[in-house]
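The values are calculated or read from the model by the stated rules, or taken from the named source; none is laboratory data. Predicted model only: the values in this text are computed from it and were never measured. Positions of Cβ are generated from backbone atoms using ideal geometry, with glycine treated the same way; all protein chains shown enter the neighbour counts.
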Amino acid sequence: MKNLFSFSSILMLAIALWVFGFLTFVVDLNLAIEPDSADLAPTDAIVVLTGGSERVSTGVELLQSGVAKKLFISGVHKKLSLDQILSPHNVAPDLRQCCITLGYQAGSTIGNAEETHEFMVAEDYHSLRLVTANYHMPRSLLLFHHAMPDIEIIPHPVAPDSVKLHEWWEHPRTIELLATEYTKYLLASFQLWVGH
């Protein structure tokens, strides 16, 4: 009976800590607004993690504004070409040829970090602006900093219209997405902590 009580207490404490952490996670996401494009620090590269059309369009706009030398799009599906990805965007041919690179190897956020690290080393770059969804940014930063401790990484969160952060408790899909992402963030933190 005593062991059962102890297990129940530990379980309740774990749930309470998860809920508290989750609420803090969501509050922080609401504070992470997309930077004003008129006042951006320049970097060697812009890195976009695939997973939403807003991410690629933001990366293209940043490149066209001249805040970085190159745009690297990580985690591209092997069947997609540069022309297909850029078809919705008006990108000058010379900019396509010189300054946009696709990464086809990554299949996860860890893969994004490893693939981007290879790109940064190959280009001898030392700073990057990371473009991904706001809810995905905490885990991305965690893994990118681990993979590239000597690289300056500036977060550039994008707010997808489909994710209702301001009234997340009224939208089941947003709750599910945020809860899943927060749990992934905890697992990634634990894996790095134990050195996996």
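Observations, loosely collected:
- If the condition is being over 12 Å from L29 (Cβ atoms) and within 8 Å of the chain's Cα centre (by Cα), then the stretch 133-154 contributes S140, L141.
- For the stretch 59-85, a tally of residues being assigned to a helix (DSSP H, G or I) and surrounded by fewer than 17 Cβ atoms within 10 Å (Cβ to Cβ) returns 6.
- Filter result (part of a loop (DSSP other than H, G, I, E, B) and in contact (Cβ under 8 Å) with a residue 60 or more places away in the chain) within the stretch 86-117: none
- Of all residues in the stretch 165-193, those satisfying the criterion of being surrounded by 15 or more Cβ atoms within 10 Å (Cβ to Cβ) and part of a loop (DSSP other than H, G, I, E, B) are L165, H171.
- When the residues of the stretch 118-147 are filtered to those that are assigned to a loop (DSSP other than H, G, I, E, B) and in contact with a strand residue (DSSP E or B) (Cβ under 8 Å, 6 or more places away or on another chain), the one that is surrounded by the most Cβ atoms within 10 Å (Cβ to Cβ) is Y125.
- Only one of A45, A41 that is over 21 Å from V163 (Cβ atoms), in a loop (DSSP other than H, G, I, E, B) and in contact (Cβ under 8 Å) with a residue 60 or more places away in the chain: A41
- Meets criteria (out of contact with any helix residue (DSSP H, G or I) (no Cβ under 9 Å at 6 or more places or on another chain) and closer than 16 Å to H136 by Cβ) for G111: yes
- Checked against the criterion of being under 22 Å from F25 (Cβ atoms) and among the polar types (S, T, N, Q), the stretch 115-123 contains not a single residue that satisfies it.
- Boolean, M148 is touching a His at 6+ places or on another chain (Cβ under 6 Å) and over 26 Å from K164 (Cβ atoms): yes
- Test result for G111, on the phi > 0 side of the Ramachandran plot and in contact with a Gly (Cβ under 8 Å, 6 or more places away or on another chain): no
- Where a residue in the stretch 148-174 is modelled with pLDDT under 90 and its partner, wherever it lies, is polar (S, T, N, Q), with Cβ under 7 Å and at least six apart: A159/N134; V163/T174; K164/T174; L165/N30; H166/N30; W168/T174
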